[in-house]
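Visitor: Can you keep this structure in mind? I'll have questions shortly.
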């Protein structure tokens, strides 16, 4: 497989840096071809602005969507954006690796998404009608590719449990899993999360290597999170609300996973236990 690892941590000597190096080594030894986008090392420009459209004229009103569309359709994107899009098209699987900062991804990685996910590339794709509302949520440019998060968190695992003070990790990662990855077509795998990072010693790092290694070995076979597809018949179009006979009486993120909510866990404990 071709694997793209998009990495967002400013310190190469950090735990994240060690995990990245291990992941690249493990994947390469398994015969995969790996590219790494190290956003801090690349000095990635995080802000989406008028400069991303090479045809934008000084003084003109900047429209993020329309400028993005013009630049993508006419081959007038900033080269750093086009280069990352080429990597995404090349990849069979994408790994986003980052520390959980303020309940989300670091700003530099969010900026990577905002700039690389151009109009016509990752959104605004496909027919919009009363029968279909674009190619998204399981369809689109990146359909057929796999994606997985590798995330580190300073808090204890219990802090992110079903009744933990921080809220369930399933819910915290839902906007990334569903709104960024599944939206653009990816089959999204359960994440690998390292908790209580400040307490990682040599013994625990050996365990992390073992657990993550087994997850990487199964990158092409692990069943994805069964998110419902927008155009698969589960949603009323154009309202885009879940049919009333599906998960009746329930609301929230869990209803968008195609299995009984009482049985659903976006990070299955059986997978988490073995890493």
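Visitor: Can you confirm whether region 204-223 contains a residue that is touching a helix residue (DSSP H, G or I) at 6+ places or on another chain (Cβ under 9 Å), surrounded by 18 or more Cβ atoms within 10 Å (Cβ to Cβ) and within 29 Å of residue 130 (Cα to Cα)?
Guide: Checked against the condition, which is being touching a helix residue (DSSP H, G or I) at 6+ places or on another chain (Cβ under 9 Å), surrounded by 18 or more Cβ atoms within 10 Å (Cβ to Cβ) and within 29 Å of residue 130 (Cα to Cα), region 204-223 yields no hits at all.
Visitor: Is it the case that some residue within region 230-251 is assigned to a strand (DSSP E or B), modelled with pLDDT of 95 or more, under 23 Å from residue 100 (Cα atoms) and in contact with a helix residue (DSSP H, G or I) (Cβ under 9 Å, 6 or more places away or on another chain)?
Guide: Checked against the condition, which is being assigned to a strand (DSSP E or B), modelled with pLDDT of 95 or more, under 23 Å from residue 100 (Cα atoms) and in contact with a helix residue (DSSP H, G or I) (Cβ under 9 Å, 6 or more places away or on another chain), region 230-251 yields no hits at all.
Visitor: Now, a different point. Only one of 95, 81 is out of contact with any strand residue (DSSP E or B) (no Cβ under 7 Å at 6 or more places or on another chain) and within 16 Å of residue 4 (Cβ to Cβ). Can you tell me which?
Guide: 81
Visitor: For region 158-203, give me the residue count where each residue is without any contact (Cβ under 8 Å) to a residue 40 or more places away in the chain, over 21 Å from the mean Cα position of the chain (by Cα), surrounded by 14 or more Cβ atoms within 10 Å (Cβ to Cβ) and under 24 Å from residue 20 (Cβ atoms).
Guide: Counting residues in region 158-203 that are without any contact (Cβ under 8 Å) to a residue 40 or more places away in the chain, over 21 Å from the mean Cα position of the chain (by Cα), surrounded by 14 or more Cβ atoms within 10 Å (Cβ to Cβ) and under 24 Å from residue 20 (Cβ atoms) gives 0.
Visitor: Here's something else I'd like to know. For region 179-207, give me each residue that is part of a helix (DSSP H, G or I) and out of contact with any strand residue (DSSP E or B) (no Cβ under 6 Å at 6 or more places or on another chain).
Guide: 179, 180, 198, 199, 202, 203, 204, 205, 206, 207
Visitor: Of 40, 7, which residue is under 26 Å from residue 142 (Cα atoms) and touching a helix residue (DSSP H, G or I) at 6+ places or on another chain (Cβ under 6 Å)?
Guide: 7
So that you can scan it fast, the table gives a plain yes or no per residue for (1) exposed (fewer than 14 other Cβ atoms within 10 Å of the Cβ); (2) part of a loop (DSSP other than H, G, I, E, B); (3) modelled with pLDDT under 95:
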site	(1), (2), (3)
20	no, no, no
31	yes, yes, no
43	yes, yes, no
46	no, yes, no
68	no, no, no
95	no, no, no
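Visitor: Among residues belonging to region 48-65 that are touching a helix residue (DSSP H, G or I) at 6+ places or on another chain (Cβ under 6 Å) and either part of a loop (DSSP other than H, G, I, E, B) or modelled with pLDDT under 95 (or both), point out the one that is surrounded by the fewest Cβ atoms within 10 Å (Cβ to Cβ).
Guide: It comes out as 62.
The values are calculated or read from the model by the stated rules, or taken from the named source; none is laboratory data. The structure displayed is predicted, hence computed values, not measured ones. All Cβ positions, glycine included, derive from the backbone under ideal geometry; neighbour counts span all protein chains shown.
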